[in-house]
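The values are calculated or read from the model by the stated rules, or taken from the named source; none is laboratory data. Everything numeric here is computed off the predicted structure, so don't read it as measured data. Don't worry about glycine lacking a Cβ; one is built from the backbone with ideal geometry, like all the others, and counts go over all protein chains shown. These accessible areas exclude ligands, DNA and RNA; they are computed on the full protein's heavy atoms, side chains included. Shrake-Rupley method; radii C 1.70, N 1.55, O 1.52, S 1.80 Å.
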Amino acid sequence: QYDALAITLHDRQLDLGPYRAYAVSRGITLIPGIERTIQGKHVLLLNFKRGAEDVQTFDDLAALKRREVGVVIAPHAFFPGGTCLRGLMDRHADLFDAVEYNAMFTASLNFNITARRWAAAHRKPMVGAGDVHRLRQLGTTYSLVDAARDPDAICAAIREGRVEVEATPISWASA
């Protein structure tokens, strides 16, 4: 069972209102979020109260971070896809609070290794995330966060590095 979930749709933030009572009844904290495409690259924005859907550029992202407290995570940063940040990680290192350890890896192919090295070199925490596109992928990679069950507390703990990644490789068939 999960204590908290962030559901990050592509380029729009899910209205969590209809799901709050159900989540509360099951002891789950919902964290608002979005996987925003910024200048063609994916970036996770968690717990921003307003304005996350409007971010179009990295300058807009910097302005959002100055206005509000949230968490900016570099997802699948060094994977081979065109929406991955790769070289932009160094250029915009100050904008990222954490780097994702993505669930899409096998025992013999793991693009997270480069992300882990980058995070260590830049003193950024790693967060385990499912990046679930198929239900069978759920639960293989996640984060253990040392925080109260509150979105603000969870995000603060991530920024402070009080997070541990739990990750299990998936089979080639699941990948």
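Among the residues examined, Ala115 qualifies as in contact (Cβ under 8 Å) with a residue 24 or more places away in the chain, open to solvent by less than 20 Å² (accessible area, probe 1.4 Å), under 27 Å from Asp146 (Cβ atoms) and assigned to a helix (DSSP H, G or I). In region 13-45, the residue that is nearest to the chain's Cα centre (by Cα) out of those that are part of a strand (DSSP E or B) and aliphatic (A, V, I, L, M) is Leu44.
Of the residues Met89, Met104, Met126, the single one that is hydrophobic (A, V, I, L, M, F, W, C), out of contact with any strand residue (DSSP E or B) (no Cβ under 7 Å at 6 or more places or on another chain) and surrounded by 13 or more Cβ atoms within 10 Å (Cβ to Cβ) is Met104.
Look at (1) farther than 29 Å from Ser25 by Cβ; (2) more than 14 Å from the chain's Cα centre (by Cα); (3) at pLDDT below 95 and you find that Lys65 fails only one, number (3). Residues in region 6-50 that are touching a Pro at 6+ places or on another chain (Cβ under 8 Å), open to solvent by 40 Å² or more (accessible area, probe 1.4 Å) and within 15 Å of Gly130 (Cβ to Cβ): Ala6 alone. Annotation note: Cβ proximity below 7 Å between a residue of region 46-71 that is within 14 Å of Pro151 (Cβ to Cβ) and in a loop (DSSP other than H, G, I, E, B) and a residue that is of a type in the set (Phe, Trp, Tyr) and open to solvent by less than 20 Å² (accessible area, probe 1.4 Å) (sequence gap 6+ or interchain) occurs for Glu68/Phe48; Gly70/Phe48.
Taking every residue in region 76-101 that is closer than 18 Å to Val132 by Cα and pairing it with any residue that is among the β-branched types (Val, Ile, Thr) and not in a loop (DSSP other than H, G, I, E, B), at least 6 positions away or on another chain, the pairs with Cβ-Cβ distances below 6 Å are Ala77/Val99; Phe78/Thr114; Glu100/Ile73; Glu100/Val127; Tyr101/Val165.
Pick from region 132-174 the residues that are more than 18 Å from Gly70 (Cβ to Cβ) and either free of Cβ contacts under 8 Å to residues at least 12 places away in the same chain or part of a helix (DSSP H, G or I) (or both): which of them is least open to solvent (accessible area, probe 1.4 Å)? Of everything passing the filter in region 132-174, Gln137 is least open to solvent (accessible area, probe 1.4 Å). The single condition from (1) in a helix (DSSP H, G or I); (2) among the small types (Gly, Ala, Ser); (3) surrounded by 13 or more Cβ atoms within 10 Å (Cβ to Cβ) that Ala120 fails is (3). Cβ separations smaller than 6 Å between residues 6+ apart or across chains give the following pairs from region 14-31 residues that are touching a residue at least 24 places away in the same chain (Cβ under 8 Å) to residues that are open to solvent by 90 Å² or more (accessible area, probe 1.4 Å): Thr29/Arg149.
Just give me the residues in region 52-70 being open to solvent by 20 Å² or more (accessible area, probe 1.4 Å) and not hydroxyl-bearing (Ser, Thr, Tyr), in sequence order. Result: Glu53, Asp54, Gln56, Asp59, Asp60, Ala62, Ala63, Lys65, Arg66, Arg67, Glu68, Val69.
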